[in-house]
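Report on the following structure.
Bear in mind these aren't lab numbers, they're just calculated from the coordinates by the rules spelled out. Source: prediction; values computed, not measured. Note that each Cβ is placed from the backbone with ideal geometry, even for glycine, and that neighbours are counted across all protein chains shown.
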Amino acid sequence: MTIAPRSFTVSAAVLAIAMAGMPAAAETPAQRAAEAKAYLAAIARLDDAEKGPQLNAVIVANPAAPKEAARLAGTGPLDGRTVLVKDNVETREWPTTAGSLALVANRTGRDAPLVARLRAAGGVVLGKTNLSEWANIRHSGSTSGWSGVGGLTRNPHAIDRNSCGSSSGSGAAIAAGMAWAAIGTETDGSITCPASVNGIVGFKPTVGMVSRTHVVPISASQDTAGPMARSVADAAVLLNAIAGSDAADAATAEADSRKTDFTQGLATASLKGQRIGLLRRAVGNHPGVRAVFEQAVADLKAAGAEIVEIDFQPDGSMYRDEGYVLRYELRRDLNAYLKTLPSPGMPRSLAELIEFNQANAEKELRWFGQDTFIAADKLTDAEAYAKARDNSRRLAGELGIDKLLADNKVSLLIAPTGGPAWTTDLVTGDRFLGIGAGSLAAIAGYPHLTVPMGAVEGLPVGLSLMGGKWQDHVVLQAGAAYERARTATLPKPSFKRWGE
């Protein structure tokens with residue numbers, strides 16, 4: 001569902017360039033323009049065309065992108081490359097909807113600081129991507145990838161399969177070759193899950209590495225934006241552009257002192273002698289996922305890593321208290337955000353959003369409800385919230401990742417990111433397999449990278465690498481080293497239903 005005119009044609013050869021990914025070296029203005037044009041053509045053909053797969057990954061595209069790419073070629077580290085931005089991140093050109101019909105007129109005229117940094121680094125905003133509405137926090141039984149504004153995002157590897165959420169459009173678009181890279185956001189799994197099931201790289205940085213100002217919030221404790229790309233190196237390039245301190249976001253106070261050149265050493269990073277902790281219980285029981293993961297572990301060992309098996313199960317109160325924290329902060333933080341919107345007629349509170357959804361139930365509530373919204377609007381006990389926040393963060397961080405790293409003398413932790421994409425069912429909702437350990441990194445606010453590690457019956461699955469707070473560069477280097485060591489054949493998008 002893309003609302004931008006397109007009247008151009010592009011050769012198959014140029015479109016193939018877009019699917020293959022962009023070279024690292026600086027390009028000429030003409031080359032950058034051709035690349036942007038090819039990406040727009042891919043959006044038209046794969047997202048919008050009546051006889052195409054209709055991925056619904058992109059909500060709005062920028063027809064001026066080729067001219068902008070030509071103008072910015074050779075400037076800054078992004079060098080005229082195109083980036084799609086998830087539609088809960090403000091951009092000055094278009095409304096920021098979070099996928100909700102309540103915000104279709106939300107034209108703020110503002111760039112989120114991370115978008116301003118992207119542009120200053122020579123990046124081109126190619127458009128905005130669909131998402132799970134309200135970043136998948138509206139209802140507990142939702143279907144990932146659906147929004148009232150953008151409809152249902154489809155997985156390019158199997159269009160009847162789910163693209164996961166909430167950065168579903170960003171994941172599907174990059175897998176389909178619709179841009180060089182994309183911005184996703186995560187509270188718990190919303191970058192890493194869509195990256196894994198769509199067969200791309202996704203990086204959730206340390207919370208506080210990237211500004212959240214003018215990003216539609218769920219949780220100040222856990223929200224972060226991050227890069228989604230076709231390689232670890234590309235993700236690092238984009239992270240270089242968007243990371244940094246923002247006076248309006250207190251969590252980023254240390255970002256300038258903690259950020260580095262995240263691309264440095266990626267090409268030569270080695271796993272030799274590294275002790276890596278394998279979270280055995282997080283591997284799950286799916287035989288296909290286990291087989292792909294064991295191949296990834298063998299590749300890590302062949303590259304010189306020492307794998308340390310860890311038997312760990314998080315305390316169940318960590319998840320319980322995370323749920324309380326997310327609901328409490330949703331009401332607090334979303335109310336504060338809505339009050340900043342400059343356009344008239346915008347909802348100003350979570351209560352007003354609930355009322356809007358009820359008044360527009362045929363369009364907004366047909367497939368699933370808003371039980372999480374309703375529960376969140378009732379949470380006002382600040383003392384209970386503080387206790388829940390302290391406990392969940394302690395169990396995920398101090399007694400979770402920090403303790404596992406220290407006790408086992410390992411540099412990072414690994415597990416499968418999740419299972420393969422499930423068949424999308426708007427009637428009964430998502431079906432997760434209980435694989436992975438990403439909630440540890442999400443709740444603690446620590447870095448989490450997913451890298452493609454193979455496929456189960458043609459459906460991609462990713463390898464998770466997680467580290468301690470501010471160890472973003474360490475995690476990226478290990479991910480790049482794994483990419484080079486990987487022996488698995490990665491699937492290509494079929495743009496068909498699974499099995500066809």
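Which of the helices in the chain, when you take each full DSSP H run, stretch at least 27 Å along the axis at their Cα atoms and have an average Kyte-Doolittle score of 0.5 or higher? Mind showing how you got there, number by number?
Working: long enough: 316-338 (33 Å, -0.83).
Span-like helices here: none at all.
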Round to the nearest 0.05 the FRET efficiency obtained for Arg92 and Phe432 when R0 = 45 Å and r is the Cβ-Cβ distance. 0.80
Magnitude of the Cβ-charge dipole of the chain, K/R +1 and D/E -1, about the Cα centre, nearest 20 debye? 760 debye
Bin width 5 Å, alpha-carbon pairs only: give the P(r) of region 154-299 as whole percents, running from 0 to the bin holding the largest distance. 2, 10, 15, 17, 19, 18, 11, 6, 2, 0
Gyration tensor (Cα only) of region 12-485 to equivalent ellipsoid, semi-axes in Å sorted down, yields 29, 28, 22
Residue-wise, which Karplus ³J(HN,Hα) couplings in Hz belong to region 90-95, taking 6.51 cos²θ - 1.76 cosθ + 1.60, θ = phi - 60°, and x for glycine or proline? 5, 10, 5, 7, 10, x
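Once you have the Cα-Cα distance between Ser270 and Leu365, take 0.36 nm times their residue separation minus that, and quote the gain in nm to one decimal.
Details: separation 95, 0.36 × 95 = 34.20 nm, distance 4.99 nm.
Answer, rounded to one decimal: 29.2 nm.
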Say a paramagnetic label sat at a point 7 Å from the Cα of Ser257, along Cα to Cβ; which residues of region 180-222 have their backbone N under 19 Å from it? 206-211
